[in-house]
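Below is one structure, written out as C-alpha cells, with a few remarks after it.
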Amino acid sequence: MDILATYWNLIPVSLAQGAVYAFVALGVMIPFRLLNLPDLTAEGSFPLGAAVCAAMLAAGFGIAPAMLFAVLAGALAGVVTAVIHLTFKVTSLLAGIIVLTMLFSVNIRVMGKPNTALFSYETLFTAMLGSDGGSPLTQFALLAVLLALVCGTLYWFLHTELGLAMRAVGSNQLMGRAQGLSTSKYVIAGLAMAGCLAALGGATMAQYQSYADVNMGVGVLVIGLAGTILGEAILGRDKLLRQILAPIVGSLFYFQFVAMALSLGFKPSDLKLLTGLFVLCALGFPILRSRWRSRV
Amino acid sequence: MPETQAGVHVAGLRKTFFPGTVQEKTALNGVSFDLAPGEFAIVIGSNGAGKSTTLNAISGELPLDAGTVAIKGRDVTKQPAFKRAGVMSRVFQDPMLGTAASLTIEENLSISARRGATRSFRSGLKKADRDRFRAALEVLGLGLENRMQDQVSLLSGGQRQSLTLIMATINAPDLLLLDEHTAALDPRAAELVVNATLKTVGRQNITTLMITHNMEQAIAHGDRLLMMHEGQVILDLDRAEKAKLTSADLVSRFHDVVSDRMLLN
Ligand SMILES: Nc1ncnc2c1ncn2[C@@H]1O[C@H](COP(=O)(O)OP(=O)(O)O)[C@@H](O)[C@H]1O
Ligand SMILES: [Mg+2]
C-alpha cells in the first residue's frame, strides 16, 4: 500500500518530467528514425541549450530570446556534427561523440562556470504559472501546449516539399540523389532540427529545475531512445503522425516507470542502469524472438 | 554535329578501379556513342563488360577518370549526380533502390514530380498532384492508383519497379537510364514492367538507354543496339541492321568481334 501511495504522489511530477524530456526524445527520434543516421550529439546539445538559456537569463535577457538563442545554438551543434560526418567521412556516431566532447568545454565557457542557478530569476514557469513556478500538473499542461506546437510544426514541415525530400533522403540516399536531392543538405538540415529540439529540451529543463549544469546531459540520449522505443511499442510507427507522437507518449510512460522504480525503493542513481537494461531488452527482444521462432 | 547538340553525347569514358594495385581493373576503356533525341538504345554484353559502370558514369553516381557526358549540348561531366537528375532519371536493377520505402506511393511520386525543380515550404501534395499521379499510375493497370496512401514498403518488387518507372518518367527526362530493371523480377512481373516501359517511353518519345541480359528483348525492341565487351562498345547496330538480326546472329557476331580482337592483341 505504501508503494502505491508513494507512486500516486509521484505521478504529477513524473508527468512534468516526462514532458520536459519529450523534447529530447523528439530530437533523438529525428536522426535515428527519419534520417536513419544514429547520432549522439543530444548529450552535448541538451546541456548546451540549458547553458545558453541559463547564462542569458542570468545576464538579464528575457525568456524568449534566451530560449531562441539556446535553440539556435543546438542547431549549430547539429550542423557541426553533420559537417564533420559528411566532410571527413567519419560515422555519424563518432562525429557526434567528438562534438559532444567539445561541447563540454564550450558549455562551461558559456556559463563561465560548471553550473548556473536560476532560483532568483524569472523563468518560463514563473512567468506563466506564478511566482512559485506552478504545480506539477499546471507545469505539465504548459509543457503539453508547447509540445503540441512543436509536433504540429514538425508534422507540417514533414509534409512540405522540403520535408518530404528530407524523409526520402533518410529512407534511401541513392533514390534521393536520383531524384535530384542534395543528400548532404538534407542531412545537415535534419541534424540541425534534432539539435534544436535537444537544446529546447535543455533550455526547458534548466528553467524547470531552476538550474543548469554541464553534466546534465549524461544519459539523455538513452532516455530519449528509451522514450522513442517505448512510444513506438505503444503507438506503432507505420504512420508519420504515430512516429512523431511516439517519442512524446513514450517519454511520458517512461517517467511513469521511473516513478514506479523509485517507489519500489530503487535509488535515483540506479535509474541509468535500469534505463540501459530497458533499451537493451527493447533492442534485443525482436532478435531473440525471431531466433526462438526459427528454432521451434 | 547537330545530332549531338540535340541528343546525348558520350565520349571517351574511362574508369579504372583500384589503380596501381593487384586488384586493378579497367572497367571502361573509351566508351563513346551518341543518341539522337527520342532514340531507344539497348545495351547488351557479357557480365563485367562495363554496362552498369557506363550508366553509373553517365548518371554521375561514379566519378570518371576521363571522358565527357553532354545532354542536349550541355556538358554535365562535372555535375554531381543530384544535379544531373534535372535532365536524366534512372531505374535500378534492385527494385528496393528506386523508391523510399517509408514514404507512401503518392509521397514518392511527389518527390519525383519535382525532380530538377527547387523545393520549398509549399505542401508536397496538392489535389492537382494527386489527380496527375492517379492518371499516371492507371497506365500501369496494377491498381496502384487506389493505394496511393500505402507505404511503398508494402509493395512487391514488381510493383515497386513499376512505380520507379513512373517516377522516372512523370516529368519526361532528356535521358532515361534503365539498368537491367526487370532482371530481379519473376517472369510475369518482368513482362508487365517491360510493357509499361515500352508504353511510357514510346508515348513520350523519351531518349532511353536500356541494359538487358535478355537477347529476345534486345532484338524485339528499341531503335539501336550497342554491344559492350571489356569496357568498350564493340558493336553498334542501327534500326535497319537490327531488324535483320536473330539471337543466333548476335551470338556469332559477338564471337567474331571478340576473336578478331584476340588475334589483334
Ligand atoms: N565499385 C566497383 N569497385 C571495383 N570494381 C568494380 C566496381 N564496379 C564495377 N567493377 C568492375 O568493373 C567491371 C565492370 O562492371 P559492370 O559495369 O558492373 O559490368 P556489367 O556489364 O556486368 O554491368 C567488372 O569487372 C566489375 O567487377
Ligand atoms: Mg550490371
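The values are calculated or read from the model by the stated rules, or taken from the named source; none is laboratory data. Bear in mind the structure is a predicted one, so any value in this text is a computation, not a measurement. Backbone-built Cβ (ideal geometry, glycine too); neighbour counts: all protein chains shown. Note: areas computed on protein heavy atoms with side chains; ligands, DNA, RNA excluded. Shrake-Rupley method; radii C 1.70, N 1.55, O 1.52, S 1.80 Å.
Here is how the numbers come out for the structure above:
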| read-out | value |
| --- | --- |
| Shielding of B:75-88 by partner chains, average beta-carbon count, 10 Å | 3 |
| Span from the the range A:140-210 Cα centroid across to the the range A:80-134 one, whole angstrom | 18 Å |
| Diffusion coefficient, µm² s⁻¹, Stokes-Einstein with Kirkwood Rh over alpha-carbon pairs of the protein assembly as shown at 20 °C and 1.002 mPa s | 81 µm²/s |
| Cross-link pairs B:LYS72/B:LYS199; B:LYS83/B:LYS199; B:LYS25/B:LYS83; B:LYS199/B:LYS244; A:LYS89/B:LYS78; B:LYS83/B:LYS244 - those with Cα-Cα distance over 32 Å | B:LYS83/B:LYS244 |
| Low-density loop positions, trypsin sites (Lys or Arg not before Pro), the range B:93-141 - DSSP coil, at most 12 other Cβ in 10 Å | B:ARG122, B:LYS126 |
| Rg and Dmax of the range A:98-172, Cα atoms only, in Å | 18.7, 50 |
| Overall Cα dimensions of chain B, principal axis frame, Å, largest first | 63, 42, 38 |
| Percent breakdown of C-alpha pair distances by 10 Å bin, ordered from the shortest bin, for chain A | 7, 27, 35, 23, 7, 1, 0 |
| Span-rule helices in chain A, defined as complete DSSP H runs reaching 18 Å or more along the axis (Cα) with Kyte mean at least 1.0 | A:2-29, A:42-58, A:63-87, A:92-111, A:136-157, A:220-235, A:240-263 |
| Assigned charges on the beta-carbon of Lys, Arg, Asp, Glu; the protein assembly as shown dipole about Cα centre (debye) | 360 debye |
| Ranked by how many other beta carbons lie within 10 Å on average, peptides A:89-99, A:19-29 from highest | A:19-29, A:89-99 |
| Interface residues, the range A:133-180 - accessible area loss of 40 Å² or more versus chain alone, probe 1.4 Å | A:GLU161, A:LEU162, A:LEU164, A:ARG167, A:SER171, A:ASN172, A:LEU174, A:MET175, A:ARG177, A:ALA178, A:GLN179, A:GLY180 |
| Vicinal HN-Hα couplings computed from phi for the range B:141-147 (Karplus, 6.51 cos²θ - 1.76 cosθ + 1.60; Hz; Gly/Pro x) | x, 9, x, 5, 5, 9, 10 |
| Degrees separating the helix B:127-138 axis from the principal Cα axis of chain B, which is the longest one | 50 degrees |
| Cα centre as origin, Lys/Arg/Asp/Glu Cβ charges: chain B dipole, Debye | 1000 debye |
| Label point 7 Å beyond Cα of A:LEU129 along Cβ direction - residues of the range A:203-232 with amide nitrogen under 12 Å | A:205, A:207-210 |
| Rounded tilt (10° steps) of B:187-204 against the dominant C-alpha axis of chain B | 90 degrees |
| Selected from B:VAL201, B:VAL22, B:VAL233 as most flexible by GNM, with chain B as the system and alpha-carbon contacts under 10 Å | B:VAL22 |
| Percent accessible area from carbon and sulfur atoms, the range B:87-162, protein chains only, probe 1.4 Å | 53 percent |
| Apportionment of accessible area to carbon and sulfur, chain A, percent (1.4 Å) | 70 percent |
| Residue-normalised accessible area of the range A:2-295, expressed per residue, 1.4 Å probe, Å² | 44 Å² |
| Cα centroid of the range B:84-115 to Cα centroid of the range B:236-252, whole Å | 34 Å |
| Amide H contacts of A:TYR211 (H built 1.01 Å from N, under 5 Å, at least 5 apart or other chain) | A:LEU118 |
| Accessible area per residue, Å², the range B:3-264 with all protein chains present, probe 1.4 Å | 44 Å² |
| Area buried, chain A against chain B - accessible surface, total, 1.4 angstrom probe, square angstrom | 2300 Å² |
| The range A:228-246-the range B:1-68 distance, computed between alpha-carbon centres (Å) | 45 Å |
